[in-house]
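To keep things clear, I will list the structure first and then write my remarks on it.
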Amino acid sequence: ASIASPFTSRKGTVASTADIIRQGRCTLVTTLQIYKILALSCLVQAYCLSVLYLDGVKFGDKQMTAHAILNTAMFFIVSVAKPTEDMAPIRPPRTIFSIYMMLSVLGQFAVHLYCIVGAVNLSHHLVPNDAEELKPDADFKQNPLNSAVFLVNSAMMTSTFTVNYVGRPFMQGIFEHKSLLKAAAASLVGVALLTFEAVPELNEYLELTPTPNVEFKNSLMVLVFFDMFGSAFVEWVCKTLFLRRACRAKTDAIIDNIKQTSKHL
């Protein structure tokens with residue numbers, strides 16, 4: 001239907017063909033970025049549910065529900081991005097199995113892993129080693145260790161969606177996507193409010209333990225911002241070195257083939 005629709009259009013121009021190409025590229029890029037976000041989310045959750053679980057880190061039911069709501073909302077917001085009005089001068093990547101995709105996922109996961117381990121090391125000494133809730137088979141009980149990992153993990157989820165949003169030249173840029181900006185800002189503000197216990201009732205509802213001192217809170221926020229800017233830096237480096245160069249090379253090759261065909265004709 002997408003291929004046939006330009007030829008059945010009643011318009012006297014080829015604008016419908018350009019619209020199909022723009023929307024198709026936007027759909028392709030959206031699909032690739034969702035696969036990438038899923039890969040990062042699965043890697044982080046696999047680490048949390050395996051290694052950290054054996055160390056006694058658990059999430060409560062309300063915390064898991066909050067994560068699920070945030071994850072669903074961010075997926076929905078990212079998937080409704082609109083294509084750009086102009087045709088992009090380069091072609092989008094055709095597959096997720098590329099050097100750019102692999103290095104970007106591994107690099108960002110390394111940053112996330114560093115921040116999770118940092119949160120564990122920051123709060124592990126606040127819980128006795130022989131505490132009952134640290135046993136893998138024990139029921140969830142709120143403590144500084146669980147609360148710190150939950151806060152860092154929540155901010156990590158937001159940064160994953162924000163950093164891996166592709167934007168221009170195939171779809172509206174991140175600063176044009178007001179819904180994504182508002183959702184990311186609200187999420188980060190929420191994490192800051194929970195970290196500094198600005199609304200104690202909300203912390204109590206989410207089963208978060210009060211943090212011991214201001215230094216602990218500041219260290220958590222440092223990990224949050226390091227994760228966001230570190231992931232953004234990794235994505236920028238991979239996109240600059242591999243993605244844009246590969247897309248330009250494919251586009252230049254197509255243009256050269258067209259020129260050579262024109263000469264023969």
Note down all Cβ pairs under 9 Å where the first residue falls in segment 172-189 and is of a type in the set (Phe, Trp, Tyr), the second is assigned to a helix (DSSP H, G or I), and they're at least six residues apart or on different chains. Phe175/Leu181
Examine segment 98-105 for a residue that is of a type outside the set (S, T, N, Q) and within 30 Å of Lys217 (Cα to Cα), and state whether such a residue exists. yes
Verdict on Ala66 being in contact with a strand residue (DSSP E or B) (Cβ under 9 Å, 6 or more places away or on another chain), surrounded by 12 or more Cβ atoms within 10 Å (Cβ to Cβ), modelled with pLDDT of 75 or more and closer than 25 Å to Ala155 by Cβ: no
For segment 152-265, which fully contained helices (runs of 4 or more DSSP H) count at least 3 residues that are modelled with pLDDT under 80, farther than 30 Å from Arg91 by Cα and open to solvent by less than 20 Å² (accessible area, probe 1.4 Å)? none
In the set Cys42, Cys48, Cys26, the lone residue that is surrounded by fewer than 17 Cβ atoms within 10 Å (Cβ to Cβ), out of contact with any His (no Cβ under 9 Å at 6 or more places or on another chain) and either of a type outside the set (Lys, Arg) or under 17 Å from Met156 (Cβ atoms) (or both) is Cys42
Residue, modelled with the highest pLDDT, within segment 118-151, restricted to residues that are part of a helix (DSSP H, G or I) and open to solvent by 50 Å² or more (accessible area, probe 1.4 Å): Asn121
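The values are calculated or read from the model by the stated rules, or taken from the named source; none is laboratory data. In this text, all values refer to a predicted model and were calculated from it rather than measured experimentally. Neighbour counts run over all protein chains shown; Cβ positions are idealised from the backbone, glycine included. The protein model used for the area step is the full one, side chains on, heavy atoms only, and it has no ligands, DNA or RNA in it. Shrake-Rupley method; radii C 1.70, N 1.55, O 1.52, S 1.80 Å.
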